[in-house]
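Undergrad: If you scroll down you'll find the structure; I have some questions about it.
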Amino acid sequence: MDIMHHKIFHINSRNRIAGTPSNFSYVLNFRDVEPDRVVILHCNIPKTYYLSQSGSNTFTLIENGVDITITIPEGDYTRTSFKYVLTTLLNDATLNSFVYSISVPSSTEPETGKYTFTVSNNGGSQPSFRFVDDSHVHAWLGFDGGSTVSFVANSLISSNVTNLHKNDVIYIKSDLARGHCEGVLQEIDTINSPPFTNISFENTSAAFYSRSLNSNDSNIYKFQLTNIYGKEVNLNGCNWSMTIVVFKNQHSYELFKTYIKYKMSQKS
């Protein structure tokens, strides 16, 4: 696959014509090269989004059949800080004066990476947690998305190792991409970038990772950063940049086959 008739654009969300750094509109003029493919060559995204973000930071506490919404304050957490904040939230939210506590293995016990939740002053009533499946909150507590888990004998242990990583993968989406996974231009691995550093991506195979280009009637295109659930990733006011190239795709092999067929027809 050869790249012909290309045009490179350096895009910075600071220069958007509308929107936010995470969801914006941008002017691109490329009709002079009549491209049909688009690909991201490089991007640099500040990892300034929080573990807990508004819109995907709640779960349900159920006491005596009554639903109570628990909202995790926006911000970043370690396993220890999250344990203390969550304990306070549960005890503040209870409608029945239940007393909740959360513990982790001591320094003399095997490390499991799990929480143990206990409840007292509950008169034998066993509360439950319910999680939706399009939020990371279940992973922070160590449970499955879409599950409802109940205390047994006043205790509940995480089913899974707690995961307080912030969006191991984020997607760059745009209406530039035609017919590809909800407009995903590129999947970006973030796991090796610590909080409040930069996530950098370098494309090692531009032609291979390119998408079919959706050329609209205007020169205004939209760009968005989302997590795996399609939720917008809030960079908290920080801008990001990327370099893209649009190009005309030339399928050399297909052209070669057409040429051979033509030459064979001339001999017959």
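The numbers here are math on the coordinates, done by the rules we state, and not lab data. Quantities reported herein were computed from a predicted structural model and do not represent experimental measurements. Neighbour counts are summed over all protein chains in view; Cβ atoms, including those assigned to glycine, are modelled from backbone coordinates with ideal geometry.
Undergrad: Per DSSP H run of at least 4 residues, take -39500 (n - 2.57); add these up for the chain, divide by its residues and hand me the 222 nm value, nearest 500 deg cm²/dmol.
TA: Here the helix-only value at 222 nm equals -4500 deg cm²/dmol.
Undergrad: Angle between the Cα long axis of helix 79-93 and the longest principal axis of the chain, 0 to 90 degrees, nearest 10?
TA: Once rounded, one gets 60 degrees.
Undergrad: Could you tell me the calculated FRET efficiency between Ile8 and Ala93, based on Cβ-Cβ distance and R0 = 51 angstrom, to the nearest 0.05?
TA: 0.45
Undergrad: Okay, moving on. To test your reading of the geometry: what angle, between 0 and 90 degrees and rounded to tens, separates the Cα axis of helix 252-267 from the longest principal axis of the chain?
TA: 30 degrees
Undergrad: Under 14 Å from a label point 7 Å along Cα→Cβ of Ser147: give me every residue in the range 165-206 with its amide N that close.
TA: In the range 165-206, the label zone of Ser147 (backbone N under 14 Å from the point 7 Å along Cα→Cβ) covers no residue.
Undergrad: Something else: Just need log10 I(q)/I(0) for the chain at q = 0.08, 0.11 Å⁻¹, Debye formula, equal scatterers on the alpha-carbon atoms, no solvent, rounded to two decimals.
TA: Debye output, listed in q order: -0.48, -0.74.
Undergrad: Once fully extended, how much extra length lies between Ala207 and Asn29, figured as 0.36 nm per residue of separation less the alpha-carbon to alpha-carbon distance? The partial results should precede the final answer.
TA: Values: separation 178, 0.36 × 178 = 64.08 nm, distance 2.09 nm.
In short, 62.0 nm is gained.
Undergrad: Magnitude of the Cβ-charge dipole of the range 58-157, K/R +1 and D/E -1, about the Cα centre, nearest 20 debye?
TA: Roughly 240 debye for the range 58-157.
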